[in-house]
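Computed from the coordinates by the stated procedures, all read-outs in this text should not be read as laboratory data. Everything quoted here is computed from the prediction, not taken from an experiment. All Cβ positions, even for glycine, are placed from backbone atoms using ideal geometry, and neighbour counts span all protein chains on display.
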Amino acid sequence: MSPRGGSGGSGGSGPDDEGRPGPRGKRGGKSPGRKPEGAKPAGRQTGKRRTARDGAGAAADRDAAGPPRAGRPKPARSRGVVRGRDATPPREVTRPDAAHFLYGRNPIREALRSGRRPVNRVWATTSAAREPWLEGVLVEAADGDWLTARAGTDAHQGLCADVGEYPYVDEASLLTGPNPLIVVLDEVQDPQNLGAIARTAEAVGATGLVLPRHRSAEVTPAAAKASAGAVEHLPIAQVRNVADFLADAKGAGCWIYGAAAKGAPYRQPDYEGGVVLVMGAEGKGLRPRVRAMCDEIVALPLRGRIESLNVSAAAAALLYGVLDAR
């Protein structure tokens, strides 16, 4: 390949017809890339060997350079540990269905502990793969950037997993035991709130959690992360109609308590027998028909200037009030 200074154009500085160096950047005269017949080079050429140019110009350089890099065969993939985007086959380049995916240490650990749904594959960074609870689990290596792209968040803590679909339970099964404690969320739509409430409900030993099938948060990877894996142990049911479920709960002998900003002091009921605690949606509270199905409306005291609590904070206070009373 000839030096770039030897190609024709306005940027050349080659010798003129008499061997004198031409002025740099001026047009006119014969192209310094083509010399008269019999002319000798002005001086000794160093570096790469000069190549005669014809009208093809830059094409000659490309031909001399060989085939483009993109066309060269890639080296065979190692059969050892693979990393980054090569950690999964091409068919899994796109982000997985949220119903079959988890990220974060606690959600994956609790999914393995509970055994309620299969954990098919686990990907981890080098440091996260050293977790003691992963001993005996087949872990595939991946870097943090790949996990972030797959999870859609950098909150994965170095771990992602492909899991089975979340195993919702039948709502009737929650009413079969003696003195159940059930939490019902009336169109709570934030998965973070769902996860936080599920975590508290599991911690106080609640029988289960009930969600409406529509216009409500579901058990997603974000909800599982917010629950610290509690959703893997707490039975959760989806119902077509919340008011109808509350009617069934009454028929099973349960007392229905709705939470609202104004109501009886939350310590007033004795919470004996079966208890269903109903929490309203963020901002809207309980819907009229759901509120009408409640035996009593209870409220938490507010002594400051803020007029309400986040639904997950209110649920935590009420659930521990029920636990204390029982």
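Here are the numbers for this structure:
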item: Overall form of the range 101-223 per C-alpha gyration tensor (a/c, 1.5; a/b vs b/c); result: prolate
item: Placed amide H near Gly274: partners under 5 Å, 5+ positions off or other chain; result: Asn179, Trp255
item: Proxy reagent accessibility, fewest Cβ within 10 Å first, across Phe245, Phe101; result: Phe101, Phe245
item: The range 171-325: C-alpha gyration tensor shape, a/c 1.5 cut-off, then a/b vs b/c; result: rounded
item: Full-extension gain in nm, Val137 to Asp270, via 0.36 nm per residue minus C-alpha separation; result: 43.2 nm
item: Least to most buried among Lys250, Lys284 (fewest other Cβ within 10 Å first); result: Lys284, Lys250
item: Sorted by Cβ neighbour density within 10 Å, fewest at the top, the residues Glu165, Glu232, Glu218; result: Glu165, Glu218, Glu232
